[in-house]
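Trainee: Sending over a structure as structure tokens; questions will come in a sec.
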Amino acid sequence: MAVAGVLDEIVDTARYPLADVGSADREGVVALARAELAEDGCTVLREFIRPALVETLRAQGEAMAPHAYYEVERVNAYNIPLDTELPQDHPGRIVLDRGNAFVPRDRIPADALIHRLYTSEPFQRFVADCFGLAELHEFADPLAGLCLNVVAPGMSHPWHFDTNEFTVSMLTQPAASGGVFEYCPNIRSPHAENLDDVRDVLTGSGERLVRGLALRPGDLQLFRGRFSLHRVSPVTGGHQRHSAIFAYTDRPGVIGTVERTRQLFGRVLPDHLAAADAVRGDRLLD
């Protein structure tokens, strides 16, 4: 099937003409996304996936979910070792329980809707344009580049920052209740950690900095998770919350750290070990 046909099959291209580069409609969508990303680091493209495919999206996610790696971990918001030497009042010393699980990319079928979308060149070009990037690359990590985030009832994905600067995600199955995506827009920058604000959020006194986002299956979320502290609140009710995470970067070859990979997937691959000494593009804690 031609590239345009694949997009027409999956995406509501009447509202989101991904492949129609230079058209007024596409430029309008991109301009709005850029404005919202500049304002608070997040934008949501509602009903991005065709409504007729929402149940397929959910069912495929449900079939993948048993491949998630489950282990409640004690972590901090920076996903660095808990014994890292830090000042006494540093928010990295605040310990959180991470109860969510991830299905890694090597357990996601190539014909799944989320995989087909993630690897689509017109989709990648569209995402790059929304982020205002000259180019965009798939997160080179063989496990974390594309994954399904699974949050079971009673669990949550606690406050954290992303390793990669640009994250694209899509809810595939909502929780019966709870499971709200919450974030603190641009709480830090590439040059400033803003530790006082981060500490306030982690200790429950930073409500003024937190926004909640109502997401529906098939909505596309673009997010600058490297700079905005965020979490999924505790899930309640009778079924899991599932969301696809499409990770991209503005430079090639980015791979997650050994420590964080073990946290998320319970294993590392040779690629992670080889990249262990790579220098990142900023000096922020991970």
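Trainee: In this structure, does A52 turn out to be out of contact with any Phe, Trp or Tyr (no Cβ under 9 Å at 6 or more places or on another chain) and within 30 Å of D25 (Cα to Cα)? Before the answer, list the steps.
Mentor: On the way: out of contact with any Phe, Trp or Tyr (no Cβ under 9 Å at 6 or more places or on another chain): yes; within 30 Å of D25 (Cα to Cα): yes.
Yes.
Trainee: Restricting to region 208-222, name every residue that is at pLDDT 95 or above and either crowded, with 17+ Cβ neighbours inside 10 Å or not in a strand (DSSP E or B) (or both).
Mentor: R208, L209, V210, L215, R216, P217, G218, D219, L220, Q221, L222
Trainee: Output the residues belonging to region 22-59 that are surrounded by fewer than 13 Cβ atoms within 10 Å (Cβ to Cβ) and modelled with pLDDT under 95.
Mentor: Matches in region 22-59: G22, A38, E39.
Trainee: For residues in region 224-244 being more than 15 Å from P153 (Cα to Cα), in contact with a Ser or Thr (Cβ under 7 Å, 6 or more places away or on another chain) and of a type in the set (A, V, I, L, M, F, W, C), which is surrounded by the fewest Cβ atoms within 10 Å (Cβ to Cβ)?
Mentor: Ranking the qualifying residues of region 224-244, first place goes to F227.
Trainee: A further question follows. Any residue that is within 25 Å of E135 (Cβ to Cβ), in contact (Cβ under 8 Å) with a residue 60 or more places away in the chain and of a type in the set (A, V, I, L, M) - is there at least one of those in region 195-215? Can you show your working first?
Mentor: If we filter region 195-215 for residues that are within 25 Å of E135 (Cβ to Cβ), which is where we start, we get none.
For region 195-215, residues within 25 Å of E135 (Cβ to Cβ), in contact (Cβ under 8 Å) with a residue 60 or more places away in the chain and of a type in the set (A, V, I, L, M): absent.
Trainee: Still on this structure, please answer the following. Among the residues of region 63-92, how many are at pLDDT 95 or above and part of a strand (DSSP E or B)?
Mentor: Number satisfying all stated conditions: 0.
Trainee: So for region 115-128 (the condition being closer than 24 Å to V258 by Cα, in contact with a Leu (Cβ under 7 Å, 6 or more places away or on another chain) and among the hydrophobic types (A, V, I, L, M, F, W, C)), does at least one residue qualify?
Mentor: no
Trainee: Name every residue in region 150-188 that is buried (at least 19 other Cβ atoms within 10 Å of the Cβ) and at positive phi, in order of residue number.
Mentor: Within region 150-188, just G179 meets the criteria.
Trainee: Does region 160-169 contain at least one residue that is assigned to a loop (DSSP other than H, G, I, E, B) and either of a type in the set (S, T, Y) or more than 12 Å from the chain's Cα centre (by Cα) (or both)?
Mentor: Here is the first cut: in region 160-169, the residues assigned to a loop (DSSP other than H, G, I, E, B) are 161-165.
Then keep just the ones that are either of a type in the set (S, T, Y) or more than 12 Å from the chain's Cα centre (by Cα) (or both); that gives 163.
So far as region 160-169 goes, yes, one or more of its residues are assigned to a loop (DSSP other than H, G, I, E, B) and either of a type in the set (S, T, Y) or more than 12 Å from the chain's Cα centre (by Cα) (or both).
The values are calculated or read from the model by the stated rules, or taken from the named source; none is laboratory data. Every value quoted in this text rests on a predicted model; they were computed, and no experiment measured them. Glycine also receives a Cβ, built like all others from the backbone with ideal geometry; neighbour counts cover every protein chain displayed.
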